[in-house]
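**Q** Can you keep this structure in mind? I'll have questions shortly.
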Amino acid sequence: MKSLIKISLVALMLGVNVFAQEQIDSKKSKFQISFGYPLGTHGMEKDYVNDFSFNILYGLNGGVDGFEYGGVFNYNSGNVKGFQMAGVANINKKNTSGFQLSGIANINALDTKGFQLSTANITLGKLEGFQLGVFNVAKKVKGLQIGVFNYRENDDEGLSIGLFNIIKNGYYVAETTTGEVLYANTNFKMGSKKFYSIFKLGYSSFKSKPVYSYGFGFGRLFAMSEKMVISTDLSYNKIVHDNDWSVKKNDLYKLDVNYNLKLANKFSLVAGPSLNYYNTNKKVDGEFGTLHLPYTMFEKTNANSKQFFWVGFNLGVNYQF
């Protein structure tokens with residue numbers, strides 16, 4: 001993944017550099033306005049560091065120390081400080097600090113300090129700040145990533161919150177448990193100990209018919225000692241009874257607080273209580289519900305659905321990759 005990102009960035013930079021061979025020394029300018037290089041106030045000169053840069057289509061410049069706008073994209077061969085905005089992409093070959101906003105991608109070859117907001121945010125150096133997008137990548141993160149897909153190499157300072165969190169030397173666990181209503185559960189956890197996402201599958205039975213579950217959740221670890229940790233997992237589980245996938249409301253929400261005791265280098269025993277809230281409009285033999293509940297602490301029946309609450313348990317093992 002890391003190599004693919006670097007290759008993509010290098011290819012993009014090489015394509016731009018056909019039109020923008022940079023010079024060693026940059027010049028300062030209060031402002032520049034261009035339609036698209038070289039149609040602008042600086043003409044063929046493209047090594048200026050501008051306090052204000054306005055590019056109707058695109059701009060090829062030496063850097064920014066203030067504000068830059070590009071209708072399509074901005075490209076800078078030097079450092080960028082301030083506010084940078086583009087319809088499609090901001091591409092910077094050196095350090096960037098401030099706020100980057102674009103429609104498709106913000107791509108920085110070195111370090112970033114500040115806020116990146118786009119569909120894809122890529123920093124090939126260290127990020128000190130915040131990335132918000134569908135796709136976020138940074139070599140090292142001292143700050144926060146929020147997106148569908150997050151990638152970083154360090155697992156000590158930063159925090160990644162998303163559906164898929166890929167972290168070098170991060171937290172990756174396959175877990176098998178049993179409980180009072182879902183007899184066989186398989187969970188895959190990925191991310192970091194501070195925040196991981198959970199993908200869930202389960203199996204049970206109700207009135208001689210199969211019950212399947214699938215879901216998603218988030219969790220965090222709290223270390224007690226080298227061999228003992230507490231995991232707190234919050235999840236949503238869709239319940240499917242007798243292969244009836246058309247039911248709109250048959251949902252189980254769980255908060256699992258599990259004690260993890262390391263038995264070997266990679267294996268741990270998992271056990272703990274589970275808070276459960278079950279909301280369903282599925283009826284079997286005239287009664288709401290498709291899970292066999294040993295007892296309930298709370299029940300509420302509405303015209304078209306019923307809610308249940310109880311405390312259960314989890315027992316199983318996990319393997320940390």
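**Q** Quick check on my filter: what residues within the range 264-284 are of a type outside the set (F, W, Y), touching a residue at least 24 places away in the same chain (Cβ under 8 Å) and either assigned to a strand (DSSP E or B) or in contact with a Leu (Cβ under 6 Å, 6 or more places away or on another chain) (or both)?
**A** S268, L269, V270, A271, G272, P273, S274, L275, N276, N279, T280, V284
**Q** So which residues in the range 233-253 are part of a strand (DSSP E or B) and open to solvent by 20 Å² or more (accessible area, probe 1.4 Å), if there are any at all?
**A** Of the residues in the range 233-253, the ones part of a strand (DSSP E or B) are 233-241, 250-253.
Of everything in the range 233-253, those that are part of a strand (DSSP E or B) and open to solvent by 20 Å² or more (accessible area, probe 1.4 Å) turn out to be L234, Y236, K238, Y253.
**Q** Residues of the range 164-182 being open to solvent by less than 60 Å² (accessible area, probe 1.4 Å) and assigned to a strand (DSSP E or B), which ones?
**A** N165, I166, I167, Y171, Y172, V173, A174, E175, T177, T178, G179
**Q** Just a yes or no: is a residue in the range 305-315 open to solvent by less than 60 Å² (accessible area, probe 1.4 Å), in a loop (DSSP other than H, G, I, E, B), over 29 Å from A223 (Cβ atoms) and at pLDDT below 95?
**A** Within the range 305-315 (the criterion being open to solvent by less than 60 Å² (accessible area, probe 1.4 Å), in a loop (DSSP other than H, G, I, E, B), over 29 Å from A223 (Cβ atoms) and at pLDDT below 95), the answer is no, since none of the residues qualifies.
**Q** Still on this model: Can you tell me how many residues in the range 89-109 are within 14 Å of E128 (Cβ to Cβ) and either of a type in the set (D, E, K, R) or in contact with an Asp or Glu (Cβ under 6 Å, 6 or more places away or on another chain) (or both)?
**A** Going through the range 89-109 one residue at a time, the tally reaches 1.
**Q** Say whether the condition of being modelled with pLDDT under 95 and either touching a strand residue (DSSP E or B) at 6+ places or on another chain (Cβ under 9 Å) or within 30 Å of V229 (Cα to Cα) (or both) is met by at least one residue in the range 249-260.
**A** No, there is no match, as no residue in the range 249-260 is modelled with pLDDT under 95 and either touching a strand residue (DSSP E or B) at 6+ places or on another chain (Cβ under 9 Å) or within 30 Å of V229 (Cα to Cα) (or both).
**Q** Residue by residue through the range 193-231, note down the ones that are closer than 19 Å to V257 by Cβ and of a type in the set (S, T, N, Q).
**A** S197, S225, S231
**Q** How about the range 38-66: which of its residues are open to solvent by 40 Å² or more (accessible area, probe 1.4 Å) and either of a type in the set (V, I, T) or not in a strand (DSSP E or B) (or both)? Please lay out each step first, then the result.
**A** Here is the first cut: in the range 38-66, the ones open to solvent by 40 Å² or more (accessible area, probe 1.4 Å) are 38-39, 41, 44-46, 48, 51-52, 54, 56-58, 65.
If the condition is that a residue be open to solvent by 40 Å² or more (accessible area, probe 1.4 Å) and either of a type in the set (V, I, T) or not in a strand (DSSP E or B) (or both), then P38, T41, M44, E45, K46, I56 are the ones that fit.
**Q** If you take the residues of the range 183-210 that are assigned to a strand (DSSP E or B), of a type outside the set (A, V, I, L, M, F, W, C) and more than 26 Å from F222 (Cα to Cα), which of them is least open to solvent (accessible area, probe 1.4 Å)?
**A** S204
**Q** Considering only the range 16-37, I want to know if a residue exists there that is at pLDDT below 85, under 34 Å from the mean Cα position of the chain (by Cα) and open to solvent by less than 50 Å² (accessible area, probe 1.4 Å).
**A** Yes, the range 16-37 contains at least one residue that is at pLDDT below 85, under 34 Å from the mean Cα position of the chain (by Cα) and open to solvent by less than 50 Å² (accessible area, probe 1.4 Å).
**Q** Take the residues in the range 290-304 that are polar (S, T, N, Q) and outside any strand (DSSP E or B), then tell me which one is least open to solvent (accessible area, probe 1.4 Å). Write out each step before concluding.
**A** Start the filter on the range 290-304 by keeping residues that are polar (S, T, N, Q), which leaves 290, 296, 301-302, 304.
Next, from what is left, pick out any that are outside any strand (DSSP E or B): 290, 296, 302, 304.
Values: T290: 0, T296: 46, N302: 64, N304: 120 Å².
The selected residue is T290.
**Q** For the range 266-289, which residues satisfy the criterion of being open to solvent by 50 Å² or more (accessible area, probe 1.4 Å) and either within 30 Å of N169 (Cα to Cα) or touching a helix residue (DSSP H, G or I) at 6+ places or on another chain (Cβ under 9 Å) (or both)?
**A** Scanning the range 266-289 gives K266, F267, L269, P273.
**Q** From N265, N318, which residue is touching a strand residue (DSSP E or B) at 6+ places or on another chain (Cβ under 7 Å) and more than 28 Å from S208 (Cβ to Cβ)?
**A** Checking each option against the conditions leaves just N318.
The values are calculated or read from the model by the stated rules, or taken from the named source; none is laboratory data. Nothing here was measured: the structure is a model prediction, and the numbers come from that model. As a convention, Cβ positions derive from the backbone with ideal geometry for all residues, glycine included, and neighbour counts pool all protein chains shown. Heavy atoms of the whole protein, side chains included, go into the accessibility calculation; ligands, DNA and RNA do not. Shrake-Rupley method; radii C 1.70, N 1.55, O 1.52, S 1.80 Å.
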